[in-house]
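The values are calculated or read from the model by the stated rules, or taken from the named source; none is laboratory data. This structure is a prediction, so every number in the text was calculated from the model and none was measured. Methodologically, a virtual Cβ is constructed for each residue, glycine included, from the backbone with ideal geometry; neighbour enumeration extends over all protein chains shown. With ligands, DNA and RNA removed, areas are computed over all heavy atoms of the protein, side chains included. Shrake-Rupley method; radii C 1.70, N 1.55, O 1.52, S 1.80 Å.
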Amino acid sequence: MLGRVLCTVLFVGALPSPAGASQGHISVILLGATGDLAKKYLWQGLFQLYMDQVSSGHSFTFHGGALAALEPGQRLMFDVLKKLSCPPDEPPNRCAVLKDQFLKLSQYHQLKTAENYTALNREIETLLRQEGLEEAGRIFYFSVPPFAYTEIAGHINGSCRPRAGAWLRVVLEKPFGHDLPSAQQLAAQLAGFFREEEMYRVDHYLGKQAVAHILPFRDQNRQFLDPIWNRHHVERVEVVLKETVDAKGRTSFYEQYGVIRDVLQNHLTEALLFLIMELPANVSSAQEVVQHKLQAFQALWGLQRSSAVLGQYQAYDSQVQEELPEARGHVSTTPTFAGVLIHSHSLRWEGVPFLLTSGKALDERVGYARVLFRNRAYCPQSGTLRDAGHSQCKPKQIIFYFGHGALNTPAVLVSRNLFQPAMPKDSWKEAGAHSDLHIFGQPLSDFYMYSPVKERDAYSVLISHIYHGRKDFFITTESLLASWAFWTPLLDSTSRQPPRLYPGGVENQQLLDFEMVAGGVAFSLAEPAELLHPSGQMPSEFRAMQSKFRQSPLVSAWAEELIARLASDMEEVAVQSVARSGQFHLALSGGSSPVGLFQRLARHHHGFPWQHSHVWLADERCVPLTDSESNFQGLHRHLLQHVRVPYLNIHPMPVHLNRRLCVEEDGGAELYAQDITALVANASFDLVLLGVGTDGHTASLFPRSEHGLEGAPTVVLTESPVKPHQRMSLSLPLINRARQVFVLVLGRGKHDITTLLSRVGREPHKWPISGVSPSSGQLIWYVDYEALLG
């Protein structure tokens, strides 16, 4: 079908290619074709590419891929395609023809398995053969979460590469890791499938017209800038991105990354490097640009805790609780605002402060890079005369305005008392006077202002560069790792730093103002008391209380401090176990209580020896592992996908065998017990983490359970009083063979059972948790104040 359509478009269409042989066929495959990014930007960018290149001599087909089955996926994708639009200057008739052709050249595929990718490759090759076309290349655009990159890369490399002589371009969206080790791991994995020249890592800010013009501007104005682009003349450099929106609806992403990883480590850093790197002889050479970027990175002073101020808008934590209900007891310290001071020890920039600032729920939406020059002039004329002309006493600055804000357009502004810049007339035009607009307290008449002749969306710009093979607008592996090496120490040193609360919007007033102090930065104003503890909560700066509970050690604190202590203790046990035996066997319970712990381990414990750890389940619900009710699914979402546990070291319970759930004849429990016996020395876990139900159950061992409370150390099938009723669980005798057992109890809802357990003896048939007593190990209780005191 697609072949007949392609034939029609090529040979009967209203917009034929120029005379001469075809330059070859390009297949564009958009993975995640029904996702948000694809809907908002990518399909429109691909349509723009088609409009721009329809007469280039290349033929195109566009393949949307996603996990959804053919019929619903196709319906979702074409709902998006029908809404595509042409630029305002495109004649309506031509627009209609182009859109009709683009839709006919687009097709949806379910891309879920290796077989799906093999089928896609077969379809592309059949099309080329039937139409007698030479293949120019293939573009695979990964609009999918990074945890899926490696699997998809393997499928492409294994069965979906173009034949010899055609190129492959693989486009990757951020985030590219969470810190330096995770970025190194992801880079190494991708390098096993693709060559460096085949990978195009997208930072969409490099497609913004003002950002993309920084290097060309410096190059075209060398004669003016060379004498003043240095520490003797520049007072400071600012790179800023302010947003009025908050993180509502995106807290699951934001909790993992925060403002520094989301914006500063990539967008703002790239803009800063364009400003401060030594100018290459050829600014269009990707190789030269990368080398000069790396040299600029090497000249930056390392960041410390005092290099940053952090804030969090006041409603953020409640949004996290609302959108991530499983994170109960987790008090977020994720920053939604950051101001960072950076210095360079290069001869050109030594002593010049570079300030990077970004945040959500601020008073305006605007982004810019600003170079403010020192002003040594003294002007004796009156203020009126000074304002009437281009006085040397007025501030001197160059601003690359990303968009939005007062100007609502990308722009380049140069103070008139500096110089009139050279600008390419085919792409930038001098803007008319805006007598009523001011920027940084100055009327626009004080600036030479230039805006794009034709505004283009950043993704449309970058997709065009991908088509043309221009690598200078994309992030290389070297540059990526250099950036993470620079930012990771700051992320580590501030991971436990409580951010300043701010109300959001115009109510922030001067609360987020900060100043340079003793080589670092600090907020200018003290934090108001009503923002420190808005609901009368006690401050959290205290040590965890430690005593005894049921004759075993007890650690108690407010939930946030308790989880931090538990995570640290788990890491310590893991490190000791690896030092002793070379590996660490950890069994984890499900439920809502450990979610905050999993998140903390993923984000803050980069020294945890995950490479030498085996992760087991203490219990599981009898549902498919992909079900939202699955304990393994929750563990994967909040922990496993974020840390580097070897694939073969992850041991989900086999509850789904022979297309059936927890059927005794399938022997799932016996299989798991055999795996434990084979891999865990003496079937003795190094650490088992348990919780407690309001009825006293633990793992999936329930009061009056027929199995698992006594007998052999094994794995059993049990019945829960609540849905889903069928469960699989480690037995109590197996749990009690562990070297360490930690029990986590959170929330006021557990106060009654906590009080009861403090008074009763060992009666596992009534309260299974009371039977937890390691025969040759240690039991420690971690109970928060709400559960302990009510």
When we measure straight from the Cα of Lys750, which aspartates and glutamates land under 16 angstrom away, once same-chain ones fewer than 8 places off are left out?
Glu326, Asp695, Asp784, Glu786
Using a 1.4 angstrom probe on the protein heavy atoms only, could you order His63, His233 from most to least accessible area?
His233, His63
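Take the Cβ-Cβ distance between Gln510 and Lys82 as r, set R0 to 56 Å, and report the resulting FRET efficiency rounded to the nearest 0.05. Don't skip to the end; give the middle numbers.
Details: r = 48 Å, r/R0 = 0.87.
My answer for the efficiency is 0.70.
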Using label points projected 7 Å from each Cα along Cα→Cβ, tell me how many nm separate Glu710 and Gln220, to one decimal.
8.7 nm
Using a cut-off of 12 Å between alpha-carbon atoms, which aspartates and glutamates can reach Lys39, once sequence neighbours fewer than 8 places away in the same chain are excluded?
Asp79
One would report the antiparallel percent of DSSP beta bridges in the chain, rounded to the nearest 5, as 50 percent
Length released on extending from Ala191 to Gln291, taking residue separation times 0.36 nm less the Cα-Cα span:
34.0 nm
Rounded to whole angstrom, the alpha-carbon centroid of region 27-43 lies from that of region 231-249 at a distance of 29 Å
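Can you compute the helix-only [θ] at 222 nm over the chain? Use -39500 (n - 2.57) per DSSP H run of at least 4 residues, normalise by all residues, nearest 500 deg cm²/dmol. Write down the numbers at each step before the final one.
Values: 25 runs with 247 residues, N = 790.
Per the formula, -9000 deg cm²/dmol.
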Förster radius 25 Å - calculated FRET efficiency between His468 and Glu198 (Cβ-Cβ, nearest 0.05):
0.95
Taking Cα atoms, how many degrees apart are the long axis of helix 92-104 and the longest axis of the chain, rounded to 10 and kept between 0 and 90?
30 degrees
Distance in Å, no decimals, from the C-alpha centre of region 94-117 to the one of region 725-740 is 51 Å
Quick check: Cα centre of region 267-344 to Cα centre of region 686-701, how many Å?
41 Å
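Would you mind checking the pairs Lys83/Lys471; Lys396/Lys425; Lys394/Lys454; Lys99/Lys429; Lys99/Lys174 and listing those with alpha carbons more than 27 angstrom apart? Don't skip to the answer; put the middle values down first.
Details: Lys83/Lys471 30 Å; Lys396/Lys425 24 Å; Lys394/Lys454 31 Å; Lys99/Lys429 30 Å; Lys99/Lys174 29 Å.
Violating the 27 Å limit, Cα to Cα: Lys83/Lys471; Lys394/Lys454; Lys99/Lys429; Lys99/Lys174.
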³J(HN,Hα) across region 577-593 via Karplus (A = 6.51, B = -1.76, C = 1.60, θ = phi - 60°), whole Hz, x for Gly/Pro?
5, 5, 5, 7, 10, x, 8, 9, 9, 10, 10, 10, 8, x, x, 8, 4
Dipole in debye (nearest 20) - the chain, about Cα centre, beta carbon charges: Lys, Arg +1; Asp, Glu -1
840 debye
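Leaving out ligands, DNA and RNA, and with a 1.4 Å probe, what % of the accessible surface on the chain is carbon or sulfur? Each step should come with its number before you reach the end.
Values: 17430 of 33950 Å².
That share works out to 51 percent.
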Contour minus end-to-end for Glu670 and Ser318, with contour as 0.36 nm per residue of separation and end-to-end as the Cα-Cα distance?
122.4 nm
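Quick one: length gained pulling Cys379 to Lys425 fully straight, 0.36 nm per residue minus the C-alpha distance? Intermediate values should be presented prior to the final figure.
Values: separation 46, 0.36 × 46 = 16.56 nm, distance 3.49 nm.
Length gained between Cys379 and Lys425: 13.1 nm.
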Output wanted: per-residue J couplings in Hz (rounded whole) for region 285-298, from phi through Karplus 6.51 cos²θ - 1.76 cosθ + 1.60, θ = phi - 60°, x for Gly and Pro.
8, 4, 5, 5, 4, 4, 4, 6, 4, 4, 5, 5, 4, 4
Ignoring ligands, DNA and RNA, what accessible area per residue does the chain give at 1.4 Å, in Å²?
43 Å²
Can you list the aspartates and glutamates whose alpha carbon sits under 17 Å from that of Lys242, skipping same-chain ones fewer than 8 residues off?
Asp262, Glu270, Asp363, Glu364, Glu507, Asp513
Under Karplus coefficients 6.51, -1.76 and 1.60, residue-wise ³J(HN,Hα) of region 83-89 in Hz, glycine/proline x:
9, 5, 10, 9, x, x, 8
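Could you give the dipole magnitude of region 627-713 about its Cα centre, charging the beta-carbon of Lys and Arg +1 and that of Asp and Glu -1, in debye to the nearest 20?
For this selection, approximately 380 debye.
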How high is the relative contact order of the chain, given as a whole-number percent (alpha carbon pairs under 8 Å, six or more residues apart)?
10 percent
